[in-house]
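Visitor: Structure incoming, see below.
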Amino acid sequence: MNTVDLAGAAGLLAAAEDALIITHVRPDGDTAGSGCALCLGLRALGKRAYLAANPPSMARYEPYMTPYFAPEGFAPGFVAAVDTPGPGQFPAGWERLAGRTDLAIDHHGTNSGYARAAYLEADSAATGELVYLLLKELGVALTAEMGEALYAALTTDTDCFRTPGTTGRTLAIAGALRDTGFDAAGLTKRLFGVKSPARLRLEAALYQSMRFPRPGVCVMRADRAVLAACGAAEDDMDKLSLLTTVPEGTWAGLLLRQLDDGTWKVSLRTDGRVHAGRVLGALGGGGHADAAGAVTDRTPEETEAAVLAGLEGAL
């Protein structure tokens, strides 16, 4: 992997023209907010910049993406990817650009090294931190719009600064972003303080499914029938896996959620004693030390057994 430091990454962006920014499939707040802020920052430098069309799966992040989608026929001279650890996470239709990605900006330690250059800090709480540092290095004066996008990136990836990866730098950046003048309290309430009735029904169903197959390991499951009965839409699925860490004494939480095509979305949370990304690597997934995901066509029983074996092997 050809890694570059902050100055090197900023130099690549400073020389970029006609930039296209890739966000990962099923975008969350970090990739959406990071992509939006980078796009706006490059435009502030007088460059043409767009996001690759990637229909957001959660309506709450749509304002950070849809207005900046590239027009049909746009031919990028420079391709950057944010918060996207590998080509398998490229949105449909854009996989062809994986081999010609000029810069990956990422905080996933499992980044596959697909880009020509990578600005990678696996210890960062969110990719939004890295984009903030890049914009400052480039001399961009942050607007309230950029500040809101990056604040959404930081807060969603740290669960409002509660994850182990949250550092003093994370909090300092959050303070600087708040000072750009957007409505931080209103944004936090929209992202974390309001839940739909369907989401509340789904949380109740997941707590009903709660099991502890090993001491300190919580497992929850929802198949398509449960999701339909709750009336849950994709926007109701955000950060569901955090529920598995709520029971007292839990050090690992596993959530199995069935997707429309019958496969299962696997989410693993740990307190850091076991690297979640490495455990789910056996299922073709990946992620961070304390949070990881995968999609599998195995049965939920087979998946649970594989994850439990991975946890025990790591211990």
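Read-outs throughout are calculated quantities, based only on the coordinates presented, and are distinct from any laboratory measurement. Please read all numbers here as calculations on a predicted model, not as lab measurements. Cβ atoms come from the backbone with ideal geometry, glycine included; neighbour counts cover every protein chain shown.
Visitor: Hey, can you tell me all the residues within segment 87-114 that are part of a loop (DSSP other than H, G, I, E, B) and closer than 19 Å to Gly285 by Cα?
Guide: Phe90, Pro91, Ala92, His107, His108, Gly109, Thr110, Asn111, Ser112, Gly113, Tyr114 - these are the residues of segment 87-114 that are part of a loop (DSSP other than H, G, I, E, B) and closer than 19 Å to Gly285 by Cα.
Visitor: Here is a further query. Could you please find all residues in segment 285-308 being in contact with a helix residue (DSSP H, G or I) (Cβ under 8 Å, 6 or more places away or on another chain) and assigned to a loop (DSSP other than H, G, I, E, B)? Before you say what the answer is, go through the steps one by one.
Guide: Pass one, segment 285-308, residues in contact with a helix residue (DSSP H, G or I) (Cβ under 8 Å, 6 or more places away or on another chain): 285-294, 296, 298, 307.
Within segment 285-308, Gly285, His288, Ala289, Asp290, Arg298 qualify.
Visitor: Within the set of pairs 6 or more residues apart or between chains, which connect a residue that is free of Cβ contacts under 8 Å to residues at least 40 places away in the same chain and closer than 17 Å to Leu12 by Cα inside segment 80-103 to a residue that is hydrophobic (A, V, I, L, M, F, W, C) and crowded, with 19+ Cβ neighbours inside 10 Å with Cβ atoms less than 8 Å apart?
Guide: Filtered contacts from segment 80-103: Arg100/Val79.
Visitor: Further question on the same structure: Across segment 124-153, which residue is surrounded by the most Cβ atoms within 10 Å (Cβ to Cβ) among those that are within 18 Å of the chain's Cα centre (by Cα) and not in a helix (DSSP H, G or I)?
Guide: Ala126
Visitor: Please verify whether segment 171-185 includes one or more residues that are among the hydroxyl-bearing types (Ser, Thr, Tyr), in contact with a Leu (Cβ under 7 Å, 6 or more places away or on another chain) and part of a helix (DSSP H, G or I). Write out each step before concluding.
Guide: Taking segment 171-185 first, the residues among the hydroxyl-bearing types (Ser, Thr, Tyr) are 180.
Now restrict to residues that are in contact with a Leu (Cβ under 7 Å, 6 or more places away or on another chain): 180.
Restricting the remaining residues to those that are part of a helix (DSSP H, G or I) gives none.
The answer is no; no qualifying residue exists.
Visitor: Given the options Leu138, Leu134, name the one that is out of contact with any strand residue (DSSP E or B) (no Cβ under 8 Å at 6 or more places or on another chain), under 19 Å from Val82 (Cα atoms) and among the hydrophobic types (A, V, I, L, M, F, W, C).
Guide: Working: Leu134 fails: out of contact with any strand residue (DSSP E or B) (no Cβ under 8 Å at 6 or more places or on another chain).
Selected residue: Leu138, the only one of Leu138, Leu134 that is out of contact with any strand residue (DSSP E or B) (no Cβ under 8 Å at 6 or more places or on another chain), under 19 Å from Val82 (Cα atoms) and among the hydrophobic types (A, V, I, L, M, F, W, C).
Visitor: Let me ask you something else. Do any residues in segment 1-27 that are without any contact (Cβ under 8 Å) to a residue 24 or more places away in the chain have Cβ atoms under 7 Å from those of residues that are among the polar types (S, T, N, Q) and in a strand (DSSP E or B), where the two are at least six apart or on different chains, and which pairs are they?
Guide: No pair meets every condition.
Visitor: Additional query: Of Gly216, Gly287, Gly277, which residue is at positive phi and crowded, with 20+ Cβ neighbours inside 10 Å? Give the derivation first.
Guide: Values: Gly216 fails: crowded, with 20+ Cβ neighbours inside 10 Å; Gly277 fails: at positive phi.
Just a single option satisfies the conditions, and that option is Gly287.
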